[in-house]
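Accompanying notes for the structure given below.
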Amino acid sequence: MTSAEPPVLRGTSLGVRAGMASHVGRVRDHNEDQVAAEGMVFAVADGMGGHAAGEVASRIAVDTLRELVVRAAEGPDDVIRALAEANRRILATQQETPAYRGMGTTVAGITVVDAGGSEHWLVFNIGDSRVYRLADDRMTLLTRDHSEVRELVDAGVINAVEAARHPLRHVITRALGSDPAPVPDIWVLPPSPGERFVICSDGLSGEIDDDEIMRLAGTDPDPQAVAERLVAAAVEAGGGDNVSVVVVSVSASAGDTSAGAATRGDSRR
Ligand code: MG
């Protein structure tokens, strides 16, 4: 279930370790989430569509992003182009195969780009998968859900507690696999020693609250252990959806690449 791989840190001097885990949950009969932690590309995609089409869409999304590992994104435009390419490929696959019509996927994650001559994190999001950042014992939700309930909360129609139980909580307003192509949200931020990112599908954030995610995110120095612990907690809490987590830890001393071994694990069943 867990295997260590040599580091692939092309084009970066950041010392980063990552772990990942994914689980079908207790209700769904197959897992349409995909996770990626390769090179400096870290992402979660949560596919949707019948007849396993969601899995096809989420796979296309992460496979397209993985091409950034080889090419190494130079700037935000490279990531935006990769997301547009993923959308194009999903639409093309829909047209080729009628059973895949209507499939789509969320995608959220982080990668490294050059901004103003130095390495920065680029955070990207389409849909309701999420990126959290944990630093100095504080956790911040970096992304903003593209969902019906988020819009209702923003409009003051419902509050956050009502949103968590709202019947429309799974309805997203942006997804890859749309025409016209969805506009991704992106944020660029400088790396900071000791910070940690949690990238997850809504099977995590819909099952356990942010306080619990934060508590579990800080329980172990090993990002793989944390990814598995978060996924296990969501399954334990009900596992109503597929649940996927990628945890990325930046080493405490800047430029320390000795801790760069990317640990990969996938507890998919
Ligand atoms: Mg989901």
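The values are calculated or read from the model by the stated rules, or taken from the named source; none is laboratory data. Since this is a predicted model, take the numbers as computed values, not measurements. Methodologically, a virtual Cβ is constructed for each residue, glycine included, from the backbone with ideal geometry; neighbour enumeration extends over all protein chains shown. Protein only, heavy atoms only, side chains kept; ligands, DNA and RNA dropped before computing areas. Shrake-Rupley method; radii C 1.70, N 1.55, O 1.52, S 1.80 Å.
Flag not set for residue 198, criterion: farther than 30 Å from residue 13 by Cβ and either surrounded by 16 or more Cβ atoms within 10 Å (Cβ to Cβ) or at pLDDT 95 or above (or both).
More than 23 Å from residue 206 (Cβ to Cβ), at pLDDT 95 or above, out of contact with any Lys or Arg (no Cβ under 8 Å at 6 or more places or on another chain) and open to solvent by 40 Å² or more (accessible area, probe 1.4 Å): is that true of residue 63 in this structure? Spelling it out, residue 63 is indeed more than 23 Å from residue 206 (Cβ to Cβ), at pLDDT 95 or above, out of contact with any Lys or Arg (no Cβ under 8 Å at 6 or more places or on another chain) and open to solvent by 40 Å² or more (accessible area, probe 1.4 Å). Can we say residue 53 is farther than 21 Å from residue 174 by Cα, open to solvent by less than 10 Å² (accessible area, probe 1.4 Å) and touching a strand residue (DSSP E or B) at 6+ places or on another chain (Cβ under 8 Å)? No; evaluated as a whole, the condition is false for this residue. In the stretch 20-44, of all residues being within 13 Å of the ligand (Cβ to nearest atom) and farther than 16 Å from residue 245 by Cβ, the one that is surrounded by the most Cβ atoms within 10 Å (Cβ to Cβ) corresponds to 28.
Which of the residues that make up the stretch 105-131 are away from the ligand (no atom under 16 Å from the Cβ) and either within 15 Å of residue 204 (Cα to Cα) or aliphatic (A, V, I, L, M) (or both)? 110, 112, 113, 115, 122, 123 - these are the residues of the stretch 105-131 that are away from the ligand (no atom under 16 Å from the Cβ) and either within 15 Å of residue 204 (Cα to Cα) or aliphatic (A, V, I, L, M) (or both). The stretch 66-185 holds helices (runs of 4 or more DSSP H) entirely within its bounds, and those carrying 1 or more residues that are farther than 25 Å from residue 240 by Cα, in contact (Cβ under 8 Å) with a residue 40 or more places away in the chain and among the hydrophobic types (A, V, I, L, M, F, W, C) map to 76-96.
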